Amino acid sequence: MPRTTIYEAQTIRLQILMPDGSVDRSLMPTVDDGQILALYRGMATMRAVDEKALKLQRQGRMGTWAPLRGQEAAQAGVAHALEPEDWIVPAFREMGVLIMRGVPIHHIMTYWVGDSRGAVHPDFPRILPTAVPVGSQLLHGAGIGMAMELRDEPHAAVAFAGDGASSEGDFHEALNFAAVFKARTVFVIQNNQWAISVPFSKQTVVSSIAQKAHAYGLPGIQVDGNDVFAVYVAVKEALEQARAGRGPSLIEAFTYRMGDHTTADDASRYRTKEEVESWEAKSPIARLRLFMTAQGLWDQAQEENLRTEVEGLIEEEVRLMESRAPLEPGSMFQHMYADLPWNLKEQMESLQAEVAS
Amino acid sequence: MPRTTIYEAQTIRLQILMPDGSVDRSLMPTVDDGQILALYRGMATMRAVDEKALKLQRQGRMGTWAPLRGQEAAQAGVAHALEPEDWIVPAFREMGVLIMRGVPIHHIMTYWVGDSRGAVHPDFPRILPTAVPVGSQLLHGAGIGMAMELRDEPHAAVAFAGDGASSEGDFHEALNFAAVFKARTVFVIQNNQWAISVPFSKQTVVSSIAQKAHAYGLPGIQVDGNDVFAVYVAVKEALEQARAGRGPSLIEAFTYRMGDHTTADDASRYRTKEEVESWEAKSPIARLRLFMTAQGLWDQAQEENLRTEVEGLIEEEVRLMESRAPLEPGSMFQHMYADLPWNLKEQMESLQAEVAS
Amino acid sequence: MSAHATTTTPQVEKLTIAQAVKAALRQEMQRDERVIILGEDVGKDGGVFRATEGLLDEFGERRVMDTPLAESGIVGTSVGLALAGFRPVVEIQFTGFVYPALNQLLAHVARFRHRTFGRMHLPMVVRMPYGGGIHAPEHHSESYESIFLNTPGLKVAVPSNPYDAKGLLAAAIRDEDPVIFMEPKLIYRAFRQDVPAEPYTVEFGTARVAKEGANLTLIAYGAMVRVAMDAAEVLQKDGVSAEVLDLRTLNPLDKDAVIGSARKTGRVVIVHEAPRTAGFGAELSALIMEHALLELLAPVQRVAGFDVTFPLPKIEGHYMPSAARVVRAARAALEF
Amino acid sequence: MSAHATTTTPQVEKLTIAQAVKAALRQEMQRDERVIILGEDVGKDGGVFRATEGLLDEFGERRVMDTPLAESGIVGTSVGLALAGFRPVVEIQFTGFVYPALNQLLAHVARFRHRTFGRMHLPMVVRMPYGGGIHAPEHHSESYESIFLNTPGLKVAVPSNPYDAKGLLAAAIRDEDPVIFMEPKLIYRAFRQDVPAEPYTVEFGTARVAKEGANLTLIAYGAMVRVAMDAAEVLQKDGVSAEVLDLRTLNPLDKDAVIGSARKTGRVVIVHEAPRTAGFGAELSALIMEHALLELLAPVQRVAGFDVTFPLPKIEGHYMPSAARVVRAARAALEF
Ligand SMILES: Cc1ncc(C[n+]2csc(CCOP(=O)(O)OP(=O)(O)O)c2C)c(N)n1
Ligand SMILES: Cc1ncc(C[n+]2csc(CCOP(=O)(O)OP(=O)(O)O)c2C)c(N)n1
Ligand SMILES: [Mg+2]
Ligand SMILES: [Mg+2]
């Protein structure tokens, strides 16, 4: 056969919860009311933390902050699908995932005010620190998934990255290694349409990151990233496959970065208000609230109670964060190696003398 | 539509010339007898140069050599599709391409005996030097293709790499940049089934490199790399697209490395004789000879004449290579910068004093 | 301070370093249409430090290219672009993000001329903000000049003020060889300086005597020149006359200026932000000893970053070399 | 010569460096099932230098993994494996091919402990043959230790003989922190040495006095130790007693041994293959001056690679530091 088809590719997009709050019953996951309320509560908390952090930043009480506004469903859907023994490999915008996994908010904030005591939490030894160098953490996720496979542990790793990260070589190497070694890893790409000022259309000429899976021989799916049910279903399925040793997957959560890239950025330089508004109409939080209200699960009073409660919680967390004893300058030397070599010892002593004087 | 197909595509494999010398007339390119003879002659020359180089290496008259045996059709098919103004970005096994483009054989050999005067030839300013670091040259090919597009030059770049190289991050970045910037570049991956001792099945779980094109939004095709007509047709078409500014493509030439990885390797450590023999039956040279013979284009006498002629040519080329004045040690300093900074000047003088004494 | 070329009626403008960088880019792009810019966010956004602001509007998308987020891709395609006749000026967003491009820089960019026996070469510039002190997030405060200095085939420039930033960048863009251009982000906007409006170049390999002095030499580059100047001022009050040498380019290095000043004063303190061990201070120290051992009145001192990962903002102030630290090292040299 | 541990009846075997590396890998894998090997061609082929020969058969595919051809992938997945409890030993085929992994090494491997306030760390080893002199193709002869030495958080070991190769590699594998393990391929098979058959470690940060001497100190590591020894022999014939110090690990550095010997002899020659400028010789030279200026009878000399791209085989012999060059530098120090 001189002209043969050797591969047929198809990529699917999944959506369950529509912007108007209606759902496709045939695809709806089995979630009980408690779960739905937990998802909503998680998303509302993320939003409130995000807003608080931006406020603190303007007051000079917070370092650079990368707002996750708009991506709450993408993060909540993933977090909700995780089990405690699963590993989390975040990029730098996954505070929402951490919040939903129960990492104390004051701890998360500690990192973002510029204090490395907040980088990882001792009670969550399977949550890696923030990864600032774009894309490179995906390989750590692949490696952890390889470890789960090698030891036949029924757990998986979720590795996060953005649409921009999909252009880095490490994205390629991570997906390929994961596939070759059957890593128990689920790659979640939050395609929020922007990498700082560069739109998705300039990252790649293909229209979905999910279709990049065809290069690696692993399942790839696009989900409406503002649809918490779609995210949850897709990730849950992928995690079950992974935990059972049936290989890694790639999930693209198609969403939108509603805020600036970080507090150091001004998105109005490069994108229109209209674009942002068009995505406001697809809000992940509003649509879940519409759904819950329609289900009789939620009303205005509950909404207000939740808001009050969350605000109180966050105030307390900020207080905890700010009342922490200041970081010792000498700590910068202590965690370079298991031991303290002579050069670090000398340097530490000289700094301590300097600080003392 | 809650579950939508957002991408559907196919990957094709092309074959025209069968191992028994028969061809699929419907796909046969328009090539005249002279072209066919030139292709055959080129392939025979490559084979003879390869054999000679291995002999020289055993005699200590050649450095490390990377035999191309088995890949003659893949290289001849590409070379024949090129125009003089096109750029060539080789990896390290593309001596065949260079030979067919007319680069003097003694010049090519000069590089492989370890003399940088052989790296590039002044008459071929669009042929880049051998690239040893696997995969990284693909980006140079993408960049040159971007340059052709930016200046709207009706020329293209062909960038070569192997199956192993497809795992490197630079493969990913090169194909993506090329697609995004509509580079006038054709990527030719000679999938010779091995990366030193690592079989293709361990590089990736997908069964073709061509299908990796789905990740980047450029056409990808697999051709029988031992079928010179299929290679030629596919590359010619891709080059025409590229030269006209219609974008880059990826071509996988599915072939086999018949020899050791290099003269420093012993392939019998990791692969079976049977496997090698099964590919001998698919020989690119034999099948073209069968075709030519069936066409009445070729007979035993012509074969013998060609052999004698090529052998004579190669002897002369080896003589030219070996009669060249030895490389000046001081040359290592001269081409670091356009000028000679003080440290290099000092070091050069000290070396010259040392050599003189 | 800026010993600028003696044109008859030099029109000057008051620029910050960031503005001076932009001015050089703009003028070189006007001069030579082969000059193109590639990088992340260099287009509409004008670069995260605004060093390419307005250039997209002026020169269009074919000369100011927002690339996919991939540093190896940016540098690697620039190699191809340079071979095909362009003069790419690459922006790497922060020095901490140049690592993915190191294979292209070390294995290719630095070597093309050598490996092709001089037949191909790469006129390209890789700009990157470097250094700490601005309370940036993790990985945003690196100073990794050492890598590039142990890589023959690259040139390395590190301006310390707007005048040099403009002149050195123009020289880098006109250079036939690849230049790593490290911009001191701590002082990107810290001060303005009169800078000629006309294009001009500052010659590579010529250090600048930022302050003449007799008792001691402070050698610095980039953001640390100000720290050295501050230290010199403190020392002056104690009656110590410190010479401050601003290297401007680390490769080529102005060896004569370094050795000359060391010989003259007999006491040297080197200041840089990068970690001390195997930092460029070691090279300077070794070189001085090799050429001026008998004139040295004290060991050459190094005031450098500590041998630690650059710390997070809360304690980064303790990492950064300070005038006080330089003064202390100077005193040690004086009292040796 | 090998000052090996005083066991009662040490069973010894005569090994080359390559064999010693293999012996260490094998024994550490036997000792600790968390030790795994990843790399290109490390499986059936046993590594291009045969350092992992037989290990696949003994330990299986789950512990000896041929990876896809991607160095960032190898090192990056090893980070994940290490975090999840393995102790990966990575083989990078040649030092010239570690560059694609530099982002993982510099941005992650070196920093995990620091960035997580000590809560996560990476017990992993990255082995790589380094250096020239074997007529290898382009890019196969690099010595880039400088990068790793200006990167806090990494340790760097460079054995010069089979005994140290085995003991240092075992120590590296047992170390809780990441170690760059550079193997001198010039002498991989150059000679054999009695090596204890039992597992043992050589402590990091302890230099070895390869030869005692009084008039001059030669400091070297890896393949250059032999060159220094040859030079010492030549000098001996002239009545010059040279001490030869083999550093064994560059980080941690045995500062006391370096300074002590420099103080004792007053004259030092440092030998390394990497380019001179900003090479590790500069650090050693600076350090010696800082601590022994008054005892120095001559400037510390550096015999290093030239500041050029490592040349192709035809002229690489002229690049490599030779005993003659070391002798010349020693004479310069003696006659200063
Ligand atoms: C290797 C690297 N290059 C550049 C940067 C600077 N940078 C930080 S975030 C970012 C954009 C990331 O975009 P994306 O991956 O889509 O994630 P998002 O910010 O949208 O969440 C860039 C360029 C970096 N951190 N690391
Ligand atoms: C970055 C890099 N890593 C490793 C090597 C060592 N090496 C040289 S060739 C080769 C295999 C290449 O395989 P492939 O790309 O399939 O090309 P082929 O040899 O089959 O032509 C390897 C691992 C290298 N040259 N560069
Ligand atoms: Mg994004
Ligand atoms: Mg191959």
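Once the label point is set 7 Å along the Cα-to-beta-carbon vector, what list of distances in nm do you get between residue B:205 and its counterparts in the other copies?
Label point to label point, same position, other copies: 2.9 nm.
Enter the mean number of other protein chain beta carbons within 10 Å of the beta carbon of each residue in C:152-160, as an integer.
The shielding value for this peptide is 3.
Just from its helices, what would the mean residue ellipticity at 222 nm be for the protein assembly as shown, if runs of 4 or more DSSP H residues each count -39500 (n - 2.57) and the sum is divided by every residue, rounded to the nearest 500 deg cm²/dmol?
The helix-only estimate for the protein assembly as shown comes to -12000 deg cm²/dmol at 222 nm.
Which order do peptides B:22-28, C:195-201 fall in by mean Cβ count within 10 Å, highest first?
For the peptides B:22-28, C:195-201, the packing ranking is C:195-201, B:22-28.
Against the longest principal axis of chain D, how steep is helix D:224-237, in degrees 0 to 90 to the nearest 10, with axes from Cα atoms?
Helix D:224-237 sits roughly 20 degrees off the main axis of chain D.
Counting only C-alpha contacts under 8 Å and six or more residues apart, can you give the relative contact order of the stretch D:269-328 as a whole percent?
For the stretch D:269-328, the relative contact order is 44 percent.
Answer rounded, prolate or oblate for the protein assembly as shown, using the Cα gyration tensor with square roots of eigenvalues a ≥ b ≥ c: rounded when a/c is under 1.5, else prolate when a/b is larger than b/c, else oblate.
rounded
Rounded, prolate or oblate, given the Cα gyration tensor of chain A, with a/c below 1.5 counting as rounded?
Cα axes put chain A in the oblate bin.
Hey, which of these cross-link pairs are over 23 Å Cα-Cα: C:22/C:185; B:55/D:14; D:166/D:314; B:182/B:212; B:182/B:236? Mind showing how you got there, number by number?
Working: C:22/C:185 14 Å; B:55/D:14 35 Å; D:166/D:314 33 Å; B:182/B:212 17 Å; B:182/B:236 18 Å.
Violating the 23 Å limit, Cα to Cα: B:55/D:14; D:166/D:314.
Treating only the Cα positions of the stretch D:208-334 as identical point scatterers, give the base-10 log of I(q)/I(0) from the Debye formula at each q in 0.14, 0.16, 0.19, 0.23 Å⁻¹.
Relative scattering, expressed as log10 I(q)/I(0), comes to -0.53, -0.69, -0.98, -1.41.
Could you tell me the calculated FRET efficiency between residue A:295 and residue D:33, based on Cβ-Cβ distance and R0 = 41 angstrom, to the nearest 0.05?
After rounding to 0.05, the efficiency reads 0.20.
Need one number: % antiparallel among DSSP beta bridges in chain B, to the nearest 5.
Here the share of antiparallel DSSP bridges comes out near 10 percent.
What shape does the stretch B:73-141 have by the C-alpha gyration tensor, where a ≥ b ≥ c are the square roots of the eigenvalues, rounded means a/c under 1.5, and otherwise prolate means a/b greater than b/c and oblate the rest?
Because its axes are fairly even, with a/c under 1.5, the stretch B:73-141 counts as rounded.
Which one, A:314, A:209, A:285, has the greatest fluctuation when you compute a Gaussian network model over chain A with C-alpha springs under 10 angstrom?
A:314
Normalised by the number of residues in chain B, what is the relative contact order in percent for Cα pairs under 8 Å and 6+ residues apart?
22 percent
Normalising by the residue count of chain D, find the relative contact order in percent from Cα pairs under 8 Å and 6+ residues apart.
17 percent
Each value in this text was obtained by applying a stated rule to the coordinates, not by laboratory testing. Keep in mind that this is a model prediction, so the values were computed, not measured. All Cβ positions, glycine included, derive from the backbone under ideal geometry; neighbour counts span all protein chains shown.
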